[in-house]
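The values are calculated or read from the model by the stated rules, or taken from the named source; none is laboratory data. Not measured: the values here are computed from a predicted model. Note: ideal-geometry Cβ built from the backbone for every residue, glycine included; neighbour counts use all protein chains shown. Heads up: the accessible areas ignore ligands, DNA and RNA and are worked out on the full protein's heavy atoms, side chains in. Shrake-Rupley method; radii C 1.70, N 1.55, O 1.52, S 1.80 Å.
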Amino acid sequence: WPAEEKVARSLRARGAKCFVNTKLPGATDIIAEWPTGTKWRVQVKFSNNGRPKWPSKKEKQRLKISATKNNQTPVVAFVYSNGKIEFYSARTGRRIIPPCIKRRGR
């Protein structure tokens, strides 16, 4: 799960606790939670060439339903071959920025 682990490391660096499991229900790869209470349900998409593809309509629907049931924000994470990661709202398609929690001692 290199792409999923890469996204989880990026979110952990911003202060989130992450649970990674590509077998989670609802087309979910990662559940991230910040100390503020913000929770994301993330599906990761990777591409070796160009832009990763959006989840299918069915995958997106499953992600949104499971996020709503669990009071989470449904998010699609694009991982590019150069290592760049972008996050998008599965509801609106708009790019979103993860909350950044400054950790003590850093």
Among the numbered conditions (1) within 22 Å of Pro99 (Cα to Cα); (2) aliphatic (A, V, I, L, M); (3) open to solvent by 10 Å² or more (accessible area, probe 1.4 Å), tell me where Ala77 comes up short.
(3)
In region 26-69, residues that are open to solvent by 70 Å² or more (accessible area, probe 1.4 Å) and more than 18 Å from Ala3 (Cα to Cα) total 10
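Residue by residue through region 21-74, note down the ones that are β-branched (Val, Ile, Thr) and either part of a loop (DSSP other than H, G, I, E, B) or under 15 Å from Ile96 (Cβ atoms) (or both).
Step one: list which residues in region 21-74 are β-branched (Val, Ile, Thr), which gives 22, 28, 30-31, 36, 38, 42, 44, 65, 68, 73.
Passing the criteria: Ile30, Thr36, Thr38, Val42, Val44, Thr73.
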Residue among Thr36, Thr28, Thr22, Thr73 that alone is within 10 Å of the chain's Cα centre (by Cα), modelled with pLDDT under 95 and of a type in the set (Val, Ile, Thr)
Thr28
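Hey, can you tell me all the residues within region 75-100 that are outside any strand (DSSP E or B) and either in contact (Cβ under 8 Å) with a residue 60 or more places away in the chain or on the phi > 0 side of the Ramachandran plot (or both)? Lay out the reasoning, then the answer.
First, pick out the residues of region 75-100 that are outside any strand (DSSP E or B): 81-84, 90-94, 97-100.
The answer is Gly83, Gly93, Pro98, Pro99, Cys100.
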